Amino acid sequence: MSDQLRWGLIGAGDIVRRRVAPALIDSPSCDIVAVSRGRPELAAAFAADIGARRWYSRWQELVADPDVDCVYVATPVDVHAEQTIAAAEAGKHVLCEKPMAMTTAECDRMIAACRAHHVRLGIAYYRHFYPVILRVKTILESGDIGQPVFAQVNAFEYFDPAPDHPRRWLLDPARAGGGPMMDFGCHRLEVLMHLFGAVRRTAAVTANVVFDRAVEETAAVLLQFEGGPCAAVTVTHAAEEPQDTLQVFGTRGSVHVDELNAGSLRIRTGNQSRVESHPPAANIHRPLIDDFVEALLTDREPAVTGEIGRAVAAIEDEIYAVAPSGR
């Protein structure tokens with residue numbers, strides 16, 4: 001493969017404009033060739049803004065573009081599988097937004113298509129690369145806090161969009177697959193599996209405490225990992241106070257991250273406590289992009305593979321099977 005990767009962007013929402021496109025532009029190994037968006041005037045404007053050479057109103061045309069090597073899929077969840085499979089069949093490598101797909105069955109088809117056509121598949125779980133997460137993983141592996149016993153993750157983000165809000169589709173189970181547990185709970189599930197490994201069993205509840213909507217606004221899942229530790233993930237769209245926390249309690253101490261996006265880490269062992277700072281990159285998508293680019297240039301798997309995305313989807317399937325949210 002050439003040392004210059006030519007990219008096509010399917011979708012041009014907020015994440016792509018603020019994070020993905022700038023990360024690709026800043027990479028010396030990347031060139032954004034084309035973008036696609038359903039509304040032609042918006043597609044043309046976005047292409048002009050980022051210096052892409054052409055735009056398409058139909059994503060199928062972008063996938064067929066012979067000058068595109070790699071595709072970033074940044075569309076509603078219900079079309080991730082279709083677009084990824086089409087891109088793989090056209091010989092394009094794919095970096096797909098999270099969550100990977102609506103179900104594990106769709107994930108399986110995505111993985112199979114990429115394997116059959118010898119292209120790489122990555123999933124955009126960018127928190128996998130957070131320095132604070134890597135530091136917590138090192139602490140757990142070192143035994144500094146003893147044997148991990150229980151982890152608690154809270155993700156609270158008030159969200160009550162108006163009918164014309166561009167992210168209103170997140171309330172449609174046919175497009176989003178579920179509510180906050182599907183949308184951003186998936187990030188926390190990936191982080192916990194990064195720290196503790198495979199999940200043995202789950203138990204979950206979903207609810208609408210405040211809002212009357214087709215997907216859950218609040219959910220909680222209990223996990224037990226194959227290695228022994230347990231964890232709880234709680235998410236909500238209804239609480240006014242935002243939270244983005246991670247705590248791990250062990251037999252000899254604990255670690256506390258009060259805001260994952262800030263990276264401050266408090267470590268307690270016995271009667272002693274210390275604070276460290278491990279902030280994420282200024283563009284939190286840049287390490288994800290850099291890893292995927294390096295994977296393609298060196299012919300290795302990306303750090304966050306389709307199999308990891310599928311493992312998260314399998315937990316989501318279990319959550320919504322036990323506590324349905326409009327599925």
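The values are calculated or read from the model by the stated rules, or taken from the named source; none is laboratory data. All values derive from a computational prediction rather than experimental measurement. Cβ sites come from the backbone with ideal geometry, for glycine too, and all protein chains shown count toward neighbours. Areas reflect the complete protein model, heavy atoms only, side chains present, ligands, DNA and RNA absent. Shrake-Rupley method; radii C 1.70, N 1.55, O 1.52, S 1.80 Å.
Taking the stretch 11-22 as the range and being crowded, with 24+ Cβ neighbours inside 10 Å and more than 16 Å from the chain's Cα centre (by Cα) as the test, the residues that pass are Ala12, Ala21. Summed over the stretch 64-93, residues that are of a type in the set (Val, Ile, Thr), closer than 23 Å to Asp299 by Cβ and in contact with a Phe, Trp or Tyr (Cβ under 8 Å, 6 or more places away or on another chain) total 2. Filtered by the rule that a residue be buried (at least 20 other Cβ atoms within 10 Å of the Cβ) and closer than 27 Å to Leu222 by Cβ, the stretch 105-122 gives Glu106, Cys107. Annotation note: Cβ proximity below 9 Å between a residue of the stretch 267-281 that is within 14 Å of Val257 (Cβ to Cβ) and a residue that is of a type in the set (Asp, Glu) (sequence gap 6+ or interchain) occurs for Ile267/Asp144; Ile267/Glu276. Exactly one residue out of Ala52, Ala43, Ala23 is hydrophobic (A, V, I, L, M, F, W, C), more than 19 Å from Ala90 (Cα to Cα) and touching a Ser or Thr at 6+ places or on another chain (Cβ under 8 Å): that is Ala43. Within the stretch 38-45, can one find any residue that is crowded, with 16+ Cβ neighbours inside 10 Å and outside any helix (DSSP H, G or I)? Looking through the stretch 38-45, none of the residues is crowded, with 16+ Cβ neighbours inside 10 Å and outside any helix (DSSP H, G or I).
How many residues are under 11 Å from Leu9 (Cα atoms) and of a type outside the set (Val, Ile, Thr) when one looks only at the stretch 70-96? Matching residues across the stretch 70-96 total 5.
Within the stretch 123-151, being in a helix (DSSP H, G or I), open to solvent by 10 Å² or more (accessible area, probe 1.4 Å) and under 19 Å from Ser273 (Cβ atoms) holds for Arg135, Thr138, Leu140, Ser142. Residue check: is Pro28 more than 29 Å from Pro280 (Cβ to Cβ), outside any helix (DSSP H, G or I) and open to solvent by 30 Å² or more (accessible area, probe 1.4 Å)? When the stated conditions are applied, Pro28 does not pass them.
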